[in-house]
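Note sheet for the following structure.
The values are calculated or read from the model by the stated rules, or taken from the named source; none is laboratory data. If you're wondering where the values come from, they're calculated on a predicted model, not measured in any experiment. Positions of Cβ are generated from backbone atoms using ideal geometry, with glycine treated the same way; all protein chains shown enter the neighbour counts.
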Amino acid sequence: MSLPNFLTLPFWNNLASGHLSELIMVLTAAIIVLLDRHIRKLVNQHTKSHGRVVRFLIFLAVCSAGYAALALGTSWALRQGLTIRQGAYMAPIALAILVVVAIGAERQKQM
């Protein structure tokens, strides 16, 4: 492989499309980790007047069903976004999402 081929967009798009499932999994996990703080704050604000048992049951429901639904929705949206125009811009879109996630993690002091 030559260096000019290494610097082309089709090379990076083919590399990303070969690992689309793994790429979507990593991006979904990173996005959910960033959203976790906001979700917990929202749930705590809405359940602070309830008793411990009710709060615990709501916490279990949010963890089991809420995060699963969020992960499925996020992964579906990422797949739709990354494969737009038959994946012609897959690598730049994935890189842009990673940069935005990294900036969000830095702002939340998680990095």
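If you go through region 75-109, how many residues are under 14 Å from ALA16 (Cα atoms), small (Gly, Ala, Ser), part of a helix (DSSP H, G or I) and touching a residue at least 12 places away in the same chain (Cβ under 8 Å)? Outline the logic, then answer.
Start the filter on region 75-109 by keeping residues that are under 14 Å from ALA16 (Cα atoms), which leaves 78-79, 81-84, 86-98.
Add one more test, that the residue is small (Gly, Ala, Ser), and what stays is 81, 87-88, 91, 94, 96.
With the extra rule that they be part of a helix (DSSP H, G or I), the set shrinks to 81, 87, 91, 94, 96.
If we keep only those that are touching a residue at least 12 places away in the same chain (Cβ under 8 Å) as well, we get 81, 87, 91, 94.
Here the count works out to 4.
Return the only residue of GLN80, GLN110, GLN86 being polar (S, T, N, Q), at pLDDT 90 or above and out of contact with any Ser or Thr (no Cβ under 7 Å at 6 or more places or on another chain). Walk me through how you get there before you give the answer.
On the way: GLN110 fails: at pLDDT 90 or above; GLN86 fails: at pLDDT 90 or above.
Criteria check complete, one pass: GLN80.
Could you check ILE93 against (1) under 19 Å from ILE39 (Cα atoms); (2) β-branched (Val, Ile, Thr); (3) surrounded by 13 or more Cβ atoms within 10 Å (Cβ to Cβ) and say which number it fails?
Only one criterion is unmet by ILE93, namely (1).
If a residue must be surrounded by 14 or more Cβ atoms within 10 Å (Cβ to Cβ), over 26 Å from LYS109 (Cβ atoms) and among the hydroxyl-bearing types (Ser, Thr, Tyr), how many such residues does region 1-57 contain?
Matching residues across region 1-57 total 1.
Can you go through ILE32, ILE24 and tell me which one is in contact with a Phe, Trp or Tyr (Cβ under 7 Å, 6 or more places away or on another chain) and not charged (D, E, K, R)?
Step by step, each of ILE32, ILE24 is checked, and only ILE32 is in contact with a Phe, Trp or Tyr (Cβ under 7 Å, 6 or more places away or on another chain) and not charged (D, E, K, R).
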